[in-house]
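One structure is given here, and the rest of the page talks about it.
The values are calculated or read from the model by the stated rules, or taken from the named source; none is laboratory data. On a predicted model such as this, the values are computed, not experimentally measured, just so you know. Using ideal geometry, Cβ is built from the backbone for each residue, glycine included, and neighbour counts are taken over all protein chains shown. Remember, those area values only see protein heavy atoms, side chains included, never the ligands or the DNA or RNA. Shrake-Rupley method; radii C 1.70, N 1.55, O 1.52, S 1.80 Å.
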Amino acid sequence: MLEVLRRIIQEVNTAHDLDQVLSIIVSKIRKSMAVDAASFYLVESNKKDFVLRKTDGLNVDAVNELRLSIDQGLTGFVIRTGETQNIACAPKDDRYINVPNSGDDTLNAYLGVPVIYQRMVLGALVVQRKESRQFNEERVAFMMALASQLAGAIAHAKIVSDPQYSLGADRSKEKYFSCIPGAPGVAIGTAFVLYSSSDFNSVPDRKIENIDDEIKLFKNAVSQVCDDIKEMQSSLSDVLSDEDHALFDAYVLLANSDTLVNETIGRIHQGNWAQAALRDTIKEHTIRFNEMSDEYMRERADDIREIGLRIFSKLHSGKSTPIKYPKRTILVGEEIGATQLAEVPAKRIAGIISAKGSNSSHVAILARAMGIPAVMGASNVSFGWLDQCEVIADGYQGRIYVQPPPIVRIEYSRLVREESQLKKELKGLRKLPAETSDGVKLKLMMNTGLLVDEKSTHKVECDGVGLYRTEFPFMIRSSFPNESEQVDVYRKVLKATAPNPVTLRTLDVGGDKPLTYFPVSEDNPSLGWRGIRVTLDHPEIMITQLKAMLKASLGLTNLSILFPMISNLEELDEAQTLFEQAIFEVRQEGYEIVTPKIGAMIEIPAAVLLAESFAKRVDFLSIGTNDLTQFLLAVDRNNARVVKLYDSLHPAVIRAVKHVADVGKKYVKPVSVCGEMSGYPAAAVLLLAMGVSSLSMAPTSIAKIKWVIRSFSYKKARRLLNTALEKEHGYEIRNLMFKELEEAGLGVLIRAGH
Ligand code: PEP
Ligand code: MG
């Protein structure tokens, strides 16, 4: 049954729209379960009715006609309650309704399973047979597994099959895809879809200008694949049996076959680029082979995919087609990394849309640092048809509009204008301190991982760099930067920021910050080998980095060094030992440097509980609320599915941060907050009241937070903190703070649009 499940899912993934998806599902289920009817019922948009959307076995005339309320019938029951029903003789059940002309008069056994996606019932899969006997457990389990595996594909197909998203559709009504806000701002531009070389489905259609060149590229890729296969064959010739040899020969034949080559070339002639042409050829043949009853022939579908992927990957890595990014590029992809961002010329990048990740993912953080609006968790959008379309990415509300109607474009252009107006107004605060109306000052610093420009406006408006994520310069290279390359990067930042302080954090890779040249594959990367764990296991990396930081500070006094992801005192002690060794070596080499301050990040719950022991050993503490929230609430910061649970205003987060702030006061050690929470107006007031020494945030948030701090008195903030600490729910804290921000005239910062 598992194999059947795998094949159905594979085939469904090749379908273009809801109709195709459902046709595949019902016909495959009917065949594999040997039932008399398999059907899919879809919940209508009013959520009160459902309709027979596809069937293999019932009367096809009833499709789209058989419509009932969810209060009616057995299927209505399945949809309403979300419970599977397995009934030996449905007509004898009180809930059964016989719908004339539906074709189920002779059917007795009934198995209905709900199809649920993100807590919403989309519809029900129903199988029926004449024989009056309940379905056995294995069949029920198979149907339930199928329903849960296919729910995402059905939800997705439902969206892309919406007439709104078909070419030439009437787009006068405002419709959008609802995703997750990643980085604030609105981008209006042209989608440029990035695709993965290991996934056909992610390849967008793309018009080509020169058909002959494209065919040449394709043929080249095919011949490279054939050469690779032959080379593999000859290097293994001693160990291969005759049968294996024949298989390699067959692969070469397949790669050169009419099926693959001529059909793809035919599609290129129609104006599509080679990748998409190949995608369609492979899809078509996978379906055709999968349909065959002969097991051996069905397995050939896998061979075609395999060969196709090899050609595809050659096309992908071929450097021959220079990439032309649109003027206002909205980069769209499954998972956008720092490298891909860095490839787009800075003047052309307008926005980001990522299928994976959430607002605390590092891409979102990077986007905020660069001031680029980003929408995350766009897994409900099919990217294939988006390429080169006009798109609006609303990073405030997490919305995507594709080929928006004029009315939407006008509205968003107005928002963009208002945004730049607000920016201008905030400019007036640039040189003023973040000081409350009763004279309490708070340092506002910036988080960055990019080079800080000497003339940067952010330098004027903030008090230094509170967190320099050194992993970003590591991520955009193709190998580990050596000591002198690192010295260059760090020195530029230290010099540009002086005399203000800079906190350089030691390498914090792992989790969602992979290094391509240092691959680590783990089942649970957030809890795995990351941050200080990597650098303590590789002291050569740590020592090189520490020495580079120290040498970069020559003649300057503004360096602090921060260790990430510390979970126990042994790690802290080891890191400090390496630090001392680095100082010793650098001084031995003749550098007369000032000993920098050393800090530990508090971003693991254990560190909160050990904050006192940490405070005794370091010069300062820095609370990483992004990871702290993730670990306190057990919510993966990159997982769009659980984004609603990721809440920096959760009472547990507020209380944990408050505890660390109190420890800092007790031991007279500065406490900085360097997670994204610092840049949230509602949280900033509470952090101010906790008495933290500084807030470090994305440069684009500084002016707004300065405005917030200047709009409150410390006394009022303390009162609000005391009230917030009594609350038991995150939403109560949020409501309390939003109301206060509104009353302080700062509503514009929390309302959609700003
Ligand atoms: C944090 O976890 O809050 C933090 C600042 O570090 P990063 O986001 O880089 O993991
Ligand atoms: Mg962190």
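Applying 1/(1 + (r/R0)^6) with R0 = 41 Å to the Cβ-Cβ distance of LYS324 and ARG119, what FRET efficiency is obtained, to the nearest 0.05?
On the way: r = 42 Å, r/R0 = 1.02.
With R0 = 41 Å, the Cβ-Cβ based efficiency is 0.45.
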**Item:** LEU609 accessible area, 1.4 Å probe, all protein chains in place, Å² to nearest 10
**Value:** 150 Å²
**Message:** Rounded, prolate or oblate, given the Cα gyration tensor of the chain, with a/c below 1.5 counting as rounded?
**Reply:** prolate
**Item:** Residues in the range 522-544 reached by a label modelled at LEU645 [backbone nitrogen below 20 Å; 7 Å Cα→Cβ]
**Value:** 523-528
**Request:** Select from the chain the helices, each a whole stretch of DSSP H, whose alpha-carbon atoms run 27 Å or more along the helix axis and whose Kyte-Doolittle mean is at least -0.5; answer none if there are none.
**Result:** 137-160, 211-235, 569-588
**Listed peptides 68-76, 473-481 by packing density, highest first (mean Cβ within 10 Å)** = 68-76, 473-481
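Quick check on the chain: of the DSSP beta bridges with both residues there, what percent are antiparallel, nearest 5%? Kindly include the intermediate steps, with their values, before the conclusion.
Numbers: 44 of 82 bridges.
So the antiparallel bridges in the chain amount to around 55 percent.
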**Prompt:** Taking the Cα centre of the chain as origin and charging only Cβ (+1 Lys, Arg; -1 Asp, Glu), how large is the dipole, in debye to the nearest 20?
**Reply:** 3780 debye
**Prompt:** Where does each of ASP387, ASP93 land when they are ordered by accessible area, with a 1.4 Å probe and the largest first?
**Reply:** ASP93, ASP387
**Request:** Calculate, in nm to one decimal, what GLN388 and ILE410 gain on full extension: separation in residues at 0.36 nm each, minus their alpha carbon distance.
**Result:** 5.9 nm
**In nm, spacing of pseudo-spin labels at GLN72 and SER178 (7 Å Cα→C-beta vector)** = 2.8 nm
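Averaging sequence separations of C-alpha pairs under 8 Å and six or more residues apart, then dividing by the length of the chain, give the relative contact order as a whole percent. Please list the in-between numbers first.
Values: 1429 pairs, mean separation 79.7, N = 754.
Relative contact order of the chain: 11 percent.
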**Request:** Determine the gain in length on full extension of the stretch ARG288-GLN149; use 0.36 nm per residue of separation and subtract their C-alpha separation, reporting nm with one decimal.
**Result:** 47.8 nm
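List the trypsin sites (Lys or Arg not before Pro) within the range 709-754 that DSSP assigns to loop and that have no more than 12 neighbouring Cβ atoms inside 10 Å.
Numbers: sites: ARG710, LYS715, LYS716, ARG718, ARG719, LYS727, ARG734, LYS739, ARG751; in loops: LYS727, ARG751.
Sparse-neighbourhood loop trypsin sites (Lys or Arg not before Pro): ARG751.
Once Rh is set to the Kirkwood radius over Cα pairs, what Stokes-Einstein translational diffusion coefficient, in µm²/s, holds for the range 498-584 at a temperature of 25 °C and a viscosity of 0.890 mPa s?
The estimated diffusion coefficient comes to 177 µm²/s.
Per residue, how many Å² of accessible area does the chain show with a 1.4 Å probe? Each step should come with its number before you reach the end.
Details: 33520 Å² over 754 residues.
It amounts to 44 Å² per residue over the chain.
Heavy atoms only, probe 1.4 Å: what % of the accessible area of the chain goes to carbon and sulfur, would you let me know?
Taking all protein chains in place, the chain shows 51 percent carbon and sulfur surface.
Antiparallel DSSP bridges in the range 430-749: what percent, to the nearest 5?
Working: 2 of 29 bridges.
Approximately 5 percent, going by the DSSP bridge assignments.
Compute the Cα gyration tensor for the range 329-399, then decide on rounded, prolate or oblate, letting a ≥ b ≥ c be the square roots of its eigenvalues: rounded whenever a/c is under 1.5, prolate when a/b is larger than b/c in the other cases, and oblate in all that remain. All intermediate terms of the calculation are to be shown ahead of the outcome.
Details: a/c = 1.39, a/b = 1.11, b/c = 1.25.
In terms of gyration-tensor shape, rounded.
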**Request:** Please work out the Cα center distance from the range 617-651 to the range 679-740, rounded to the nearest Å.
**Result:** 17 Å
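Assign unit charges at the C-beta atoms only (+1 for Lys and Arg, -1 for Asp and Glu), then state the dipole size of the range 430-749 relative to its Cα centre in Debye, rounded to the nearest 20. It would help to have the intermediate numbers written out before the result.
Working: 39 positive and 38 negative charges, 269 e Å.
That gives the range 430-749 a dipole magnitude of about 1280 debye.
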**Request:** Answer rounded, prolate or oblate for the range 207-317, using the Cα gyration tensor with square roots of eigenvalues a ≥ b ≥ c: rounded when a/c is under 1.5, else prolate when a/b is larger than b/c, else oblate.
**Result:** oblate
**Request:** Count neighbours as other Cβ atoms within 10 Å of each site's Cβ, and list the GluC sites (Glu not before Pro) in the range 196-258 that are DSSP loop with at most 14 such neighbours.
**Result:** GLU209
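So between TRP529 and HIS659, what do we pick up on full extension, going 0.36 nm a residue minus the alpha carbon distance?
The TRP529-HIS659 span can extend by a further 44.0 nm.
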**Asked** What does the helix-only formula give at 222 nm for the chain: each DSSP H stretch with n ≥ 4 adding -39500 (n - 2.57), the total divided by the residues, and the result rounded to the nearest 500 deg cm²/dmol?
**Response** -14500 deg cm²/dmol
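Just order 494-507, 399-412 by mean Cβ neighbour count inside 10 Å, highest at the front, would you? Could the numbers behind the result be given before it?
Details: 494-507: 21.4, 399-412: 16.9.
Taking the mean over residues of other Cβ atoms within 10 Å, the ranking is 494-507, 399-412.
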**Request:** Mind giving me the nanometre distance, one decimal, between the label points for THR81 and GLU65, set 7 Å out from Cα along Cα→Cβ?
**Result:** 3.1 nm
